[in-house]
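My structure is below; once you've seen it, I'll send some questions.
The values are calculated or read from the model by the stated rules, or taken from the named source; none is laboratory data. Note that this is a predicted model, so its numbers are computed, not measured.
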Amino acid sequence: MTAIQICALISIATAAGILYWIGYRGGLADGRAEGYEKGHTEGYDHGFEQAYTECDQTIALAKRRREQVVQLLRRQPQDRLTLLSIAETLKLAAVTFKAVNSETHAVQALALREKALSMAGAMDLFEQGDAA
């Protein structure tokens, strides 16, 4: 091989290496950009869907709380007194059931009494919060 052919071979090999390196770097940069955009889009979509479902749950919870407040506002003060009266009557019924050896009925009466007292207590807490 002559000196010109050796120089041409070296220059062709160098040019091919530079061309390959430029193509490799360009492809790597394009791949990174595409991957970043795809990851960003998927992350955004996932976050949006998650926020949307949590928003629906929050709205449903707010509606339930609103309905509870409306129900409490519809009740009159005598409703609380009625519940307390029912609780005392249920206590008397439980004592009577215990006296006639009917434990299951006594337990049911006491459970209903506790429920009535808790309902009256919830109304009492609402009235205290309203007064403050």
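Among the residues of the stretch 6-27, what is the count of those that are at pLDDT 90 or above and of a type outside the set (A, V, I, L, M, F, W, C)?
Count: 2.
Confirm whether ALA94 is assigned by TED's automatic domain parsing to the domain that holds GLY121, within 30 Å of MET123 (Cα to Cα), among the small types (Gly, Ala, Ser) and in a helix (DSSP H, G or I). Spell out how you get there, then give the answer.
Numbers: assigned by TED's automatic domain parsing to the domain that holds GLY121: yes; within 30 Å of MET123 (Cα to Cα): yes; among the small types (Gly, Ala, Ser): yes; in a helix (DSSP H, G or I): yes.
Here the answer is yes, as ALA94 does meet what is asked.
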